[in-house]
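Visitor: Structure provided below as structure tokens; questions to follow.
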Amino acid sequence: MWPKNALTERLRLDWPLIQAPMASVTTPELAAAVSNAGGLGSLGLATVSPDAAGTQIEAFGELSGRALNANFFCHPDPGDVELTGREMRTRLQRRYFEAGLGEVPLPSVPFGTFGMEHVEQIRRHRPEVVSFHFGLPDEELVRAVRETGCQIWSTATTVAEARWLEARGVDAIIAQGTEAGGHRGTFLDADPSSQPGLFSLLPQVVSAVSVPVVAAGGIVDGRTIAAALVLGASAVQMGTAFLRCPEASVHPKHREALAAATDSSTRLTKLFSGKPARSVVNRYLDSLQDAEDLAAPFPAQSSLLLPLLQAASDDEIGDQMPLWSGQSVPLTREMPAAELVATLVREVEERLAALTP
Ligand SMILES: Cc1cc2nc3c(=O)[nH]c(=O)nc-3n(C[C@H](O)[C@H](O)[C@H](O)COP(=O)(O)O)c2cc1C
């Protein structure tokens, strides 16, 4: 059960522990520390240009000779965001005036979806795994990625999504429970309130597909890792647990919020980006709770927030910014990534030993 299986063997991992890709949070230093400690480091590259993605993969390669997971979004085109963002602009106007910012700007699209320029970078830098959030890109792009020789993974938030991904030939499926921090990887069913938590989702996905399943959502320590392995996961993917490592690019106010959060501090919301994502609740979320359905389509909603964040003082910014976090955040610890991996490994061994008399 621990630690070797087909997934770890193929990637030459010492441990089935994956540091989650987290756009604008992960760094080559964080990913390399995890990979060098025997897990799988990941880079969340969705919000940077294809060139910058290539630079980050290259920087990882200078720090580690081990496997890397490079992660991208494949969200649909948001369409006419000027039209669909109109009501949200009206809702935000008072806030803009209070901040001395004048008229709310027209929404814009801050980053594109996965395309051929990304494939070029993958061809050049050859990460061992390319993973996607929000489904898969077009068939032609999937084929082009596969031809580079890397594995292709994607996230499922329901059994139907897992079956859809398996039918399209993915090498592994990340089963993401609703506890998870950051964005839901949902791409078939838009309603997050009907999606299962990991304890329900994981064994159902494991029973439904024959490719390796990676568990994600609420996994932060030896207990939760051991539980996921017992439920049939080939590996675990942890995001929130790594947010508190010094190698992660996390704003000090975000770190403060993580350290103070309880089991009921987080909420799923579209108000930061336009797609459901889990964040610690702050003043911005509380005051716009009734405006969830007005959010501009992903990722345009974030462009409406940006001027407010740029204008906020150091004291106020924590009240406005996304404070991405999963529900198990109170069990996370502040420590360097290599130390965290070693601690998790020790805890899993102790937990599994306690279960076998
Ligand atoms: C700050 C943050 C950013 C994230 N960004 C991404 C991303 O860019 N791509 C992705 O596939 N998953 C992303 N996720 C989701 C993780 O891959 C994973 O599903 C989640 O962190 C697991 O739940 P946990 O946070 O409870 O460990 C993000 C999660 C967090 C906390």
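The values are calculated or read from the model by the stated rules, or taken from the named source; none is laboratory data. Treat the numbers as computed from the prediction; the structure is a model and nothing was measured. Positions of Cβ are generated from backbone atoms using ideal geometry, with glycine treated the same way; all protein chains shown enter the neighbour counts.
Visitor: How many residues are in contact (Cβ under 8 Å) with a residue 60 or more places away in the chain, surrounded by fewer than 20 Cβ atoms within 10 Å (Cβ to Cβ) and small (Gly, Ala, Ser) when one looks only at the stretch 312-357?
Guide: Residues meeting the conditions: 3.
Visitor: If a residue counts only when it is β-branched (Val, Ile, Thr), which strands (runs of 3 or more DSSP E) contained entirely in the stretch 51-160 have at least 2 such residues?
Guide: By residue number, 129-133, 151-156.
Visitor: When you check residue 211 against the structure, is it more than 12 Å from the ligand (Cβ to nearest atom), of a type in the set (Val, Ile, Thr) and either surrounded by fewer than 22 Cβ atoms within 10 Å (Cβ to Cβ) or assigned to a loop (DSSP other than H, G, I, E, B) (or both), yes or no?
Guide: Judged against the criteria, residue 211 is a match.
Visitor: Checking the conditions here, which among 6, 33, 59 is farther than 24 Å from residue 141 by Cα and out of contact with any helix residue (DSSP H, G or I) (no Cβ under 9 Å at 6 or more places or on another chain)?
Guide: Only one candidate passes the filter, namely 6.
Visitor: I need the full set of residues from the stretch 291-306 which are over 23 Å from residue 256 (Cβ atoms) and either surrounded by 19 or more Cβ atoms within 10 Å (Cβ to Cβ) or over 22 Å from the mean Cα position of the chain (by Cα) (or both), in order please.
Guide: Matches in the stretch 291-306: 291, 293, 294, 295, 296, 297, 298, 299, 300, 301, 303, 304.
Here's the yes/no breakdown for (1) more than 17 Å from the chain's Cα centre (by Cα); (2) modelled with pLDDT of 95 or more:
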{"position": "122", "(1), (2)": "yes, yes"}
{"position": "126", "(1), (2)": "yes, yes"}
{"position": "131", "(1), (2)": "no, yes"}
{"position": "140", "(1), (2)": "yes, yes"}
{"position": "146", "(1), (2)": "yes, yes"}
{"position": "175", "(1), (2)": "no, yes"}
{"position": "178", "(1), (2)": "no, yes"}
{"position": "189", "(1), (2)": "yes, no"}
{"position": "200", "(1), (2)": "yes, yes"}
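Visitor: Okay, moving on. Looking for whichever is of a type in the set (A, V, I, L, M, F, W, C) and in contact with a Gly (Cβ under 9 Å, 6 or more places away or on another chain) here; the options are 59, 31. Which one fits? Spell out the reasoning first.
Guide: Working: 59 fails: in contact with a Gly (Cβ under 9 Å, 6 or more places away or on another chain).
Just one listed residue meets the conditions, 31.
Visitor: Follow-up. Sort out which residues of the stretch 49-76 are among the charged types (D, E, K, R) and either under 19 Å from residue 154 (Cβ atoms) or buried (at least 17 other Cβ atoms within 10 Å of the Cβ) (or both), and write them in order of number.
Guide: Scanning the stretch 49-76 gives a single hit, 66.
Visitor: Show the residue pairs meeting these rules: Cβ distance below 8 Å; 6+ apart or different chains; first residue within the stretch 125-150 and of a type in the set (Gly, Ala, Ser) and away from the ligand (no atom under 16 Å from the Cβ); second residue in a helix (DSSP H, G or I) and at pLDDT 95 or above.
Guide: Within 8 Å, the pairs are 144/116; 144/119.
Visitor: Pairs needed: first member in the stretch 182-194, in a loop (DSSP other than H, G, I, E, B); second member anywhere, of a type in the set (Phe, Trp, Tyr); C-beta distance under 7 Å; at least 6 residues apart or different chains.
Guide: Hits for this filter: 185/134; 187/134; 188/164.
Visitor: Is it fair to say residue 98 is of a type in the set (D, E, K, R) and either under 25 Å from residue 248 (Cα atoms) or surrounded by 17 or more Cβ atoms within 10 Å (Cβ to Cβ) (or both)?
Guide: no
Visitor: Shifting gears a bit: Within the stretch 13-33, can one find any residue that is surrounded by fewer than 16 Cβ atoms within 10 Å (Cβ to Cβ), modelled with pLDDT of 95 or more, within 16 Å of the ligand (Cβ to nearest atom) and not in a loop (DSSP other than H, G, I, E, B)?
Guide: No.
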